[in-house]
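The values are calculated or read from the model by the stated rules, or taken from the named source; none is laboratory data. Here the structure is a predicted model, which is why all the values come from computation and not from measurement. Don't worry about glycine lacking a Cβ; one is built from the backbone with ideal geometry, like all the others, and counts go over all protein chains shown. Each accessible area value is taken on the protein alone, full model and side chains, heavy atoms only, with ligands, DNA and RNA left out. Shrake-Rupley method; radii C 1.70, N 1.55, O 1.52, S 1.80 Å.
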Amino acid sequence: MAREFSTVGVVGLGTMGAGIVEVFARNGIDVLAVEISESALERGRATLTGSTDRAVAKGKLAEADRDALHERVRFAVGLDALHSVDLVIEAVPEHLDLKQRIFAELDRVCRPDTILATNTSSLSVTEISVATTRPNQVIGIHFFNPAPVMKLVEVVRTVVTAPEVVADVEALCARLGKVDVTINDRAGFIANALLFGYLNHAVGMFESHYATREDIDAAMKLGCGLPMGPLALMDLIGLDTAYEILDTMYRRGGRDRRHAPVPLLKQMVTAGLLGRKSGRGFYTYQRPGSPVVVPDEATPPATEAALADGARAIAKVGVVGSGTMATGIIEVFAKAGYEVVSVTRGAEKSAAVCEAVKTSLNKGVVRGKLAEADRDAALGRISWSATLDHLADVDLVVEAVVEELSVKKALFASLDEICKPGVVLATTTSSLPVIDVAMATQRPADVVGLHFFNPAPVMPLVEVVRTIRTSPEATATARAVCAALGKTGVVCGDRSGFIVNALLFPYLNDAVKMLEASYSTADDIDHAMKLGCGYPMGPFELLDVVGLDVSLAIQRELYLELREPGFAPAPLLEHLVTAGYLGRKTRRGFRDHSHR
Ligand SMILES: NC(=O)c1ccc[n+]([C@@H]2O[C@H](COP(=O)([O-])OP(=O)(O)OC[C@H]3O[C@@H](n4cnc5c(N)ncnc54)[C@H](O)[C@@H]3O)[C@@H](O)[C@H]2O)c1
């Protein structure tokens, strides 16, 4: 029989604590909510009221249920009020000495059988537990932000946590409607260990002006389907909390430089820019605690005219190549009203590409997304050629040939001879330096990267890569073209992986390393990222879809260019590729897909 928890205490009513109070009270459990002062208590109460009022306004909570929820919560200043609760969850700032002091005090105040839990994200639960005389009754219960919404709870057992305490807490999580993964005490547990390297890297990109905050966030939302971009997520977490988590993970987790907090973070925390809770972080919010972003001095102009400032007029576009990407890109341009010249290496290839474009457009017609007349008009705008000479009068060329530098360089040298002056020359490379391609021409200022995602007609994102020689006009032209295609163009520097792959693949690689270290299972890691962070797929699901060979190649490129030891490909990934387990395409990767 699992233990009955009728009253729980929550210590600290900040970003997490207020949400945790709501989770318990919503599920019929009485809560004693404790803060350090009357004013902090008032703030916590206001957070709880704001959150439940929003739930009522959205129709997710009945008014009567909200009132009942509030009746279950009592507020008090100081820990003494917690003398007869069954369980305490501590959610005070991420400092070991503070948490140890609170646990020593809780040990003194609470009944001998009370379970003491910490919501720490990165500190050692074991170190916290030894501040008490009952380390076997101390456990980590790590909720995710926002606690009322996110389904995951990481239950952290130390080497001395009693098995029945673990079982009781697991049963409690089920009662709260949460999915738990139970793991050992290691810095960052599952989700934060995989998340924070990525978040810190994104802050580094912003700090070095590699891309704007809007573009970094849009890239990860649109390129990976994440619920929010990394900088918006840092604002939600709270920059002070994020700083402490990174700092602890750096010290506890083997001094991986990727966890050393980017200096800008410390500066922002010192300046009081803590994210949503203080009304300003990477973005500016309507008021402290508000989720509504308001424009500030860094907000880019919204109008298309401003976007197109300095852009050259584009009417006719050449697309070189006959693969998946070229085919999709031809369709995208033709559908958007551009005249398209497709150049392949022969009539046979042109016929195949033409057929593929027709099939794809027909699918749009069958699904009712495209009128027959629009399909015919799009097809009528495409001309098919096997010679680059037909690109003499286009305004933009998009190259999508094989991913080999020598081939691309030779092609760009030819384009340089054939194309009229002022043409923007774009490469769709996903891994080669754009500057290498640009320098094969006499006009590097006109060369950009246009990194489309697969499938091009569906994916809403394009990375616009500017090299150190790219002119502002060429960049503006590329961005305006993306907008005209109905895509979001994000501008970034010419570094391996651009934005999306540079942020995505090291995270996937870290997940493989975590599996390899037997810290958790592929299923639990996938669960943790989906339910704790709202990812559409877990890392192992995604690796099997993308292909392990492709993932390994990208990770190797990143490692070779940035020489970051933490980017070294996981040996397990290399072994699976060597063994021919490449993911869904070979019916086996991290999982066996042969029966599906
Ligand atoms: N922010 C997140 O996204 C997130 C997610 C999961 C876990 N956590 C963890 O939850 C914990 C709390 O983080 P947060 O972001 O909610 O912090 P926060 O700064 O928003 O809130 C901390 C609260 O603790 C109160 N407090 C400080 N000293 C206290 C004391 N002695 N007694 C009672 N209350 C006290 C503060 O007044 C404040 O309201 C940390 O361990 C953090 O790592 C945070």
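In table form, for the structure just shown:
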{"quantity": "Per-region count, segment 31-64, residues closer than 23 Å to residue 289 by Cβ, more than 15 Å from the ligand (Cβ to nearest atom) and either touching a Ser or Thr at 6+ places or on another chain (Cβ under 7 Å) or open to solvent by 60 Å² or more (accessible area, probe 1.4 Å) (or both)", "calculated": "8"}
{"quantity": "Entirely in segment 154-253, the helices (runs of 4 or more DSSP H) that have 1 or more residues that are farther than 30 Å from residue 464 by Cβ, basic (Lys, Arg) and in contact with a Ser or Thr (Cβ under 9 Å, 6 or more places away or on another chain)", "calculated": "239-252"}
{"quantity": "Top-ranked residue in segment 78-94 [being of a type in the set (Val, Ile, Thr) and under 26 Å from residue 242 (Cα atoms); ranked as nearest to the ligand (Cβ to nearest atom)]", "calculated": "92"}
{"quantity": "Segment 566-586: number of residues that are open to solvent by 80 Å² or more (accessible area, probe 1.4 Å) and at pLDDT 95 or above", "calculated": "2"}
{"quantity": "Answer from 107, 97, 113 - the residue that is within 14 Å of the ligand (Cβ to nearest atom), modelled with pLDDT of 95 or more and either among the basic types (Lys, Arg) or at negative phi (or both)", "calculated": "97"}
{"quantity": "All strands (runs of 3 or more DSSP E) inside segment 351-439 with 3 or more residues being open to solvent by less than 40 Å² (accessible area, probe 1.4 Å)", "calculated": "396-399, 424-427"}
{"quantity": "Cβ-Cβ under 7 Å pairs, at least 6 apart or on other chains, segment 12-40 side more than 15 Å from residue 70 (Cα to Cα) and part of a loop (DSSP other than H, G, I, E, B), far side near the ligand (Cβ under 8 Å from one of its atoms) and β-branched (Val, Ile, Thr)", "calculated": "12/92"}
{"quantity": "Contacts under 6 angstrom Cβ, first residue in segment 441-467 being within 21 Å of residue 211 (Cα to Cα), partner aliphatic (A, V, I, L, M) and surrounded by fewer than 19 Cβ atoms within 10 Å (Cβ to Cβ), 6 or more apart", "calculated": "453/459; 467/435"}
{"quantity": "Qualifying position, being of a type in the set (Val, Ile, Thr), open to solvent by 10 Å² or more (accessible area, probe 1.4 Å) and within 16 Å of the ligand (Cβ to nearest atom), among 125, 149, 138", "calculated": "149"}
{"quantity": "Scope segment 222-256; condition within 13 Å of the ligand (Cβ to nearest atom), over 11 Å from the mean Cα position of the chain (by Cα) and either among the aromatic types (Phe, Trp, Tyr) or under 23 Å from residue 451 (Cβ atoms) (or both); matching residues", "calculated": "243"}
{"quantity": "Residues satisfying the stated conditions in segment 65-94, i.e. among the hydrophobic types (A, V, I, L, M, F, W, C) and either open to solvent by 50 Å² or more (accessible area, probe 1.4 Å) or at pLDDT below 95 (or both)", "calculated": "75, 77"}
